[in-house]
Amino acid sequence: MRFSAAHSLREYGGNCENLHGHNWIVELVCQSETLDDIGMILDFRVLKKALSDVLDKLDHSFLNDLEPFKSANPSSENIARYIWNEVISRLPHEKPVSLASVKVWENEDSWAEYRE
């Protein structure tokens with residue numbers, strides 16, 4: 001999924017310390033040791049809904065003004081970790097599904113990946 005937002009990296013010491021924006025792309029990978037009765041780990045609709053709810057909070061915002069990024073820099077790495085924590089809290093807990101990774105792309109050749 002995608003979202004658009006602006007940010008500035010505090011104490012970066014370069015151009016990215018200035019206000020600028022990106023059209024971010026977010027990639028999630030789920031994993032499970034088992035499949036359900038119809039051969040799925042998780043219905044894509046459930047995953048898309050969880051991610052959409054999270055990205056709606058980020059879309060068309062100045063990330064530095066949002067609570068999670070008032071003290072932590074809104075770097076791609078911190079954005080990926082934030083999305084991880086928010087999505088994982090929205091996934092169904094009755095199945096042993098886990099999030100394997102969250103990858104956040106700033107542009108076509110710059111990305112960060114978070115996994116636990």
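Throughout, read-outs are computed from the coordinates displayed, never taken from laboratory work. Note that this is a predicted model, so its numbers are computed, not measured. Note: ideal-geometry Cβ built from the backbone for every residue, glycine included; neighbour counts use all protein chains shown.
Structure notes:
- For Ser101, the stated conditions hold: it is closer than 23 Å to Asp36 by Cβ and either within 11 Å of the chain's Cα centre (by Cα) or surrounded by fewer than 17 Cβ atoms within 10 Å (Cβ to Cβ) (or both).
- Top-ranked residue in the stretch 1-11 [being part of a loop (DSSP other than H, G, I, E, B) and among the aliphatic types (A, V, I, L, M); ranked as surrounded by the most Cβ atoms within 10 Å (Cβ to Cβ)]: Leu9
- Residue list for the stretch 25-42, filter: without any contact (Cβ under 8 Å) to a residue 12 or more places away in the chain and within 19 Å of Ile83 (Cα to Cα): none
- The set of residues in the stretch 79-98 being within 9 Å of the chain's Cα centre (by Cα) and surrounded by fewer than 19 Cβ atoms within 10 Å (Cβ to Cβ) consists of Asn85, Glu86.
- Residue check, Glu108 without any contact (Cβ under 8 Å) to a residue 24 or more places away in the chain, loosely packed, with under 14 Cβ neighbours inside 10 Å and over 9 Å from the mean Cα position of the chain (by Cα): yes
- Qualifying residue in the stretch 63-79 (condition: touching a helix residue (DSSP H, G or I) at 6+ places or on another chain (Cβ under 9 Å), without any contact (Cβ under 8 Å) to a residue 40 or more places away in the chain and β-branched (Val, Ile, Thr)): no
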